Amino acid sequence: MQKSVKRFIGTALVLVSGIILAGCGKSATKVQQTATIMEQADISSLDSSQITDVGALETVNNSQEGLYRMKNSTTVIPGLATAIVKPTNGQTVYTFKLRKNLKWSNGDALTANDFVYSWRRAVNPTSKAANAYMFLPIKNAKQIENGKLPVSKLGVQAVNKTTLKVTLAQATPYFKYLVAAVPFLPLNQKVVEKYGSSYGTSAAKTVFDGPFTIQNWTTSSANWTLKKNPNYWDKKSVKLSSVKFQVAKSPETALSLYQSGKLDNIVLAGQQAAQMKKDKGYLSYPSGETDYLAYNFRSKAMRNLNIRKAISLAINRESLTQNVLKNGAKAPYGLAPEEISKNPSNGKDFAKDSSVKESVAYNPTLAKKYWAKGMKQLGLTKLNLKLVCYDVDSFKNSAEYIQANTKKYLKGINIQIDVQPKVQAITTMQKKTGYDLGFTNWIASYPDLNEFFQLLNTNNVNNAGNYSNATYDKLYSNANVKDVTSTQKRYDDFKQANQVAMKQQAIAALNQGQIARLNKPSLQGVTYAAAQGISLKDAYRTK
């Protein structure tokens with residue numbers, strides 16, 4: 001998840017279809033409006049420019065608010081801005097009007113200058129912001145990040161206290177999703193400068209502008225509390241008075257706490273999802289994730305198309321998802337998962353509409369033929385390959401399944417699995433050395449096809465296998481430059497790019513991810529949105 005290390009560490013930025021856990025806004029006056037939510041890991045920071053983990057994203061998205069919020073996986077709604085902006089000047093200028101009398105949790109006025117300060121801070125090379133790359137669509141951001149221009153030249157301006165003007169380097173269709181993301185949140189300059197490098201290292205050294213404030217959190221906390229924010233502009237819509245987040249790193253422990261009534265919402269893992277499907281609180285939704293094998297094109301064997309096709313065709317993706325993962329994950333259609341984009345002309349989902357059947361098919365007979373042809377071209381009778389993967393159970397189990405399936409059908413193959421800590425595995429793949437196959441994944445930060453297709457663009461840091469194809473690069477460029485203002489042409493560019501890559505077996509797409517959860521039926525109004533995890537602004541307790 002590569003664009004940055006954080007994406008593969010599980011910034012598990014979740015992408016869903018606007019699933020709402022029941023409810024129509026009823027308020028239960030006699031019910032204590034509290035909830036306890038599972039978090040899968042400790043969180044490292046509350047600084048919006050430094051966040052790299054899903055737990056922090058979930059916590060911050062419930063305690064902070066930007067110009068927009070995500071209503072569901074593809075729809076933004078106004079947050080601190082009064083309305084969704086229609087860009088002008090060739091779709092490069094956005095003029096946002098802020099709500100009047102906005103305040104921070106400490107009582108300070110929140111103005112357009114808070115966005116200017118935050119965004120300049122994020123692109124300043126000295127801040128080393130983990131998400132600085134997300135600002136590249138803004139005018140001069142690239143030059144600033146490269147140290148060639150001062151931060152004052154960033155295309156963002158506070159026209160007055162309630163008007164923010166943003167100028168982009170070029171039209172960017174997904175910019176509306178970016179301004180709903182954590183890195184684009186405002187910051188209180190007075191508070192950030194007061195605490196300096198300590199800002200965001202504890203709840204006490206952070207201020208908030210969202211539905212809740214955070215209490216009792218430090219980097220060593222195993223639980224923390226959200227309290228309703230009395231200074232939030234839409235506080236009347238917030239029903240819960242407090243929410244406790246509790247770290248439960250063990251799925252078994254989390255399920256036990258849920259069943260004993262000590263947790264109201266948990267994430268299920270592996271076999272749990274299959275076992276709990278009949279529970280009244282069960283739901284499963286797309287995570288906006290593609291798991292795949294990156295072929296290292298610096299390896300002679302991996303540059304052979306027949307070898308790549310043989311490996312892919314020897315993998316039964318239906319069996320992998322249903323019998324190994326068992327977490328609701330589905331067999332993929334290509335590079336991008338479902339529910340990211342639809343064909344503007346007919347509404348067909350991109351994943352199915354652009355698929356190349358053989359690229360994700362299971363056909364041992366054909367696999368053997370390609371394998372024999374490829375081995376002959378290489379002049380080999382045996383082939384040893386190293387497969388690098390993260391030290392995560394689902395990855396290790398999938399790698400072992402691939403190891404067994406390929407050995408069963410491809411004579412002379414020997415895949416050695418090299419399990420590495422996530423950061424190390426990511427570094428290995430970014431350097432493009434020390435492996436032949438890399439088991440990795442990508443989780444969308446925002447619902448746009450560009451999120452996935454940058455993965456195969458030549459020389460992109462996220463291009464784990466070093467794939468390069470001039471036709472693909474041209475189509476990718478067209479989608480982001482020449483055709484960027486035409487929804488249909490841009491869609492068609494990405495569709496053709498997917499077909500080029502999949503016909504060449506640029507990667508082996510293995511599964512499209514799902515998130516499986518249990519939520520107490522008495523906790524209603526909980527939503528999930530793109531790259532933001534669980535949202536509790538509209539949640540309430542019924543009994």
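The values are calculated or read from the model by the stated rules, or taken from the named source; none is laboratory data. Here the structure is a predicted model, which means the values were calculated and not measured. When we count neighbours, we look across all protein chains shown, and the Cβ atoms used for this are built from the backbone with ideal geometry, even at glycine. Areas reflect the complete protein model, heavy atoms only, side chains present, ligands, DNA and RNA absent. Shrake-Rupley method; radii C 1.70, N 1.55, O 1.52, S 1.80 Å.
Among the trypsin sites (Lys or Arg not before Pro) within segment 148-179, which fall in a DSSP loop and have no more than 13 other Cβ atoms within 10 Å of their own Cβ? Those satisfying the criteria are K148. Pop the C-beta distance of S152 and K103 into the FRET formula with R0 = 30 Å and round what comes out to the nearest 0.05. My answer for the efficiency is 0.65.
Within the straight-line cut-off of under 15 Å between alpha carbons, the aspartates and glutamates reachable from K482 are D473, D492, D493, sequence neighbours fewer than 8 places apart in one chain being disregarded. Note on segment 436-543: dipole from Cβ charges, positive end direction compared against A501, Y528, Y446; the farthest Cα belongs to Y528. Other residues whose C-beta falls under 12 angstrom from the C-beta of S118 contribute a net charge of -1, scoring Lys and Arg +1 and Asp and Glu -1.
Let me make sure I get this right: for segment 132-264, a, b and c are the square roots of the gyration tensor eigenvalues over alpha carbons, sorted descending. Under 1.5 in a/c it's rounded, otherwise prolate if a/b > b/c, else oblate. Which is it? Prolate. For the chain, a simple Cβ point-charge model (Lys and Arg +1, Asp and Glu -1, everything else neutral) yields a dipole of about 480 debye relative to the Cα centre.
Loop-located trypsin sites (Lys or Arg not before Pro) in segment 26-85 (DSSP state not H, G, I, E or B) with no more than 14 neighbouring Cβ atoms inside 10 Å: K26, K30.
Residues whose amide H comes within less than 5 Å of that of I415, counting only those at least five positions distant or on another chain, are L385 (H built at 1.01 Å from N in the peptide plane). State the answer as a single residue: which of T365, Q272, L255 lies farthest towards the positive end of the charge dipole of segment 254-391, with beta carbon charges of +1 for Lys and Arg and -1 for Asp and Glu, about the Cα centre. Selected residue: T365.
Cross-link pairs exceeding 30 Å in C-alpha to C-alpha distance, out of K396/K503; K249/K342; K277/K348, comprise K249/K342. Amide H to amide H, with H built 1.01 Å from N, K244 comes under 5 Å of A35, T36, I37, L226, counting only residues 5 or more places away or on other chains. The order of the peptides 229-236, 40-47 by mean Cβ neighbours within 10 Å, most packed first, is 40-47, 229-236. Pairs of lysines in segment 144-200 whose Cα atoms sit within less than 24 Å of one another amount to 10, provided the residues are eight or more positions apart or on different chains.
Each eigenvalue of the Cα gyration tensor of the chain, multiplied by 5 and square-rooted, gives one semi-axis; in descending order these are 39, 28, 21 Å.
For segment 33-43, 3J(HN,Hα) computed residue by residue from phi via the Karplus equation (6.51, -1.76, 1.60; θ = phi - 60°) reads 8, 10, 8, 10, 10, 6, 10, 7, 7, 4, 10 Hz, glycine and proline entered as x.
Rolling a 1.4 angstrom probe over the protein heavy atoms, how many square angstrom per residue are accessible across the chain?
Accessible area per residue: 40 Å².
With runs of 4+ DSSP H residues as the only contributors, calculate the mean residue ellipticity of the chain at 222 nm using -39,500 (n - 2.57) per run, divided by the residue total and rounded to the nearest 500. -7500 deg cm²/dmol, from helical runs alone.
Nonpolar atom fraction for segment 354-461, defined as the carbon and sulfur part of the 1.4 Å probe accessible area, stands at 48 percent.
Label positions at S241 and L378, each projected 7 Å from the Cα along the C-beta direction, are separated by 6.6 nm. Residues with beta-carbon under 15 Å from that of S127, excluding S127: net charge, scoring Lys, Arg +1 and Asp, Glu -1? Summing Lys/Arg as +1 and Asp/Glu as -1 gives 0. Note that segment 256-267 has calculated 3J(HN,Hα) couplings of 4, 5, 5, 5, 8, x, 9, 10, 9, 8, 9, 9 Hz, one per residue in order, obtained from phi through the Karplus relation 6.51 cos²θ - 1.76 cosθ + 1.60 (θ = phi - 60°); glycine and proline are x.
Looking at the chain, the DSSP beta bridges with both ends there are about 75 percent antiparallel.
Maximal additional length on extending the K489-Q271 stretch stands at 74.3 nm, based on 0.36 nm per residue less the C-alpha distance.
For segment 65-113, what % of the accessible area comes from carbon and sulfur atoms, probe 1.4 Å? The computed percentage sits at 47.
Tell me which of N223, S242, G196 sits at the most positive position along the dipole axis of segment 193-300, charges placed on C-beta atoms (Lys, Arg +1; Asp, Glu -1). Result: S242, furthest along the dipole toward the positive end.
Around K205, with a cut-off of 10 angstrom between Cβ atoms, what is the net charge of the other residues, counting Lys and Arg +1 and Asp and Glu -1?
After counting each charged neighbour, the total is 0.
Working note: Karplus 6.51/-1.76/1.60 with θ = phi - 60° gives segment 494-509 the couplings 5, 4, 5, 4, 4, 5, 4, 5, 6, 5, 8, 6, 4, 9, 10, 5 Hz, where Gly and Pro are set to x.
Accessible surface of segment 463-543, 1.4 Å probe: 47 percent of it comes from carbon and sulfur atoms.
For K103, the aspartates and glutamates whose Cα falls under 17 Å of its own Cα, not counting residues fewer than eight places away in the same chain, are E65, D114, D209, D234.
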